[in-house]
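A short write-up of the structure that comes next.
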Amino acid sequence: MAKKTKQAAGTPATVALAAAGTEFTVHAYEHDPSVASYGDEAAAAMGVSPDRVFKTLIAEVDGALAVAVVPVAGSLDLKALASALGAKKAVMADPAAAERSSGYVRGGISPLGQRRKLPTVLDSSASGHPTICVSAGRRGLEVELAPADLAALTGAVLAPIGRG
């Protein structure tokens, strides 16, 4: 069962949200280490549709790292990501490189409060929801916020990069 709180949970993501004065809600739940899909686990624990829970993926786009934020209900279209960033090719980044760059562990990578600001693309389906949930910076912790706020704070472009 997810616990709702208005307090910042003390991760770089929640600190960044609080510092920006952005309205957000933190959802905490007990993470099960045996679970295969962190995003599906988060959606089920919070009782939220997987279309509203977004996963943060790090890709290598023409040799440079970039962030893709897509619904957990689908997958990332790497060609669409490359196109959204005006690049030729995108591949998933090495998990160790993603962790080093973001400062977060896999399954807890947030698009917010990353160590290095990277080009970010948010799937355009996000704009169809009043709020979406993304990782708050650790497994078992999500933040719910308006998609426009997420885009503004990360400098994200909206593009159809998810596939269902």
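Total residues in the range 146-164 satisfying the condition of being open to solvent by less than 40 Å² (accessible area, probe 1.4 Å) and assigned to a strand (DSSP E or B): the figure is 2. Among the residues in the range 134-157, are any touching a helix residue (DSSP H, G or I) at 6+ places or on another chain (Cβ under 9 Å) and under 17 Å from residue 65 (Cα atoms)? Yes, that holds for at least one residue.
The residues listed here are 82, 96; of these, the one that is in contact with a strand residue (DSSP E or B) (Cβ under 8 Å, 6 or more places away or on another chain) and of a type in the set (A, V, I, L, M, F, W, C) is 82. Selection of the range 11-69 for residues being among the hydroxyl-bearing types (Ser, Thr, Tyr), open to solvent by less than 40 Å² (accessible area, probe 1.4 Å) and within 20 Å of residue 98 (Cα to Cα) yields 11, 14, 56.
Would a scan of the range 95-110 turn up a residue that is more than 17 Å from residue 159 (Cα to Cα), over 15 Å from the mean Cα position of the chain (by Cα), open to solvent by 60 Å² or more (accessible area, probe 1.4 Å) and basic (Lys, Arg)? The answer is yes; a qualifying residue exists.
On inspection, residue 74 passes the criterion of being closer than 18 Å to residue 132 by Cβ and surrounded by fewer than 22 Cβ atoms within 10 Å (Cβ to Cβ). If you go through the range 130-145 and keep only what is touching a residue at least 40 places away in the same chain (Cβ under 8 Å) and open to solvent by 30 Å² or more (accessible area, probe 1.4 Å), you end up with 131, 138, 139, 144.
The values are calculated or read from the model by the stated rules, or taken from the named source; none is laboratory data. Because the structure is a prediction, the values reported are computed rather than measured. Cβ atoms come from the backbone with ideal geometry, glycine included; neighbour counts cover every protein chain shown. Heads up: the accessible areas ignore ligands, DNA and RNA and are worked out on the full protein's heavy atoms, side chains in. Shrake-Rupley method; radii C 1.70, N 1.55, O 1.52, S 1.80 Å.
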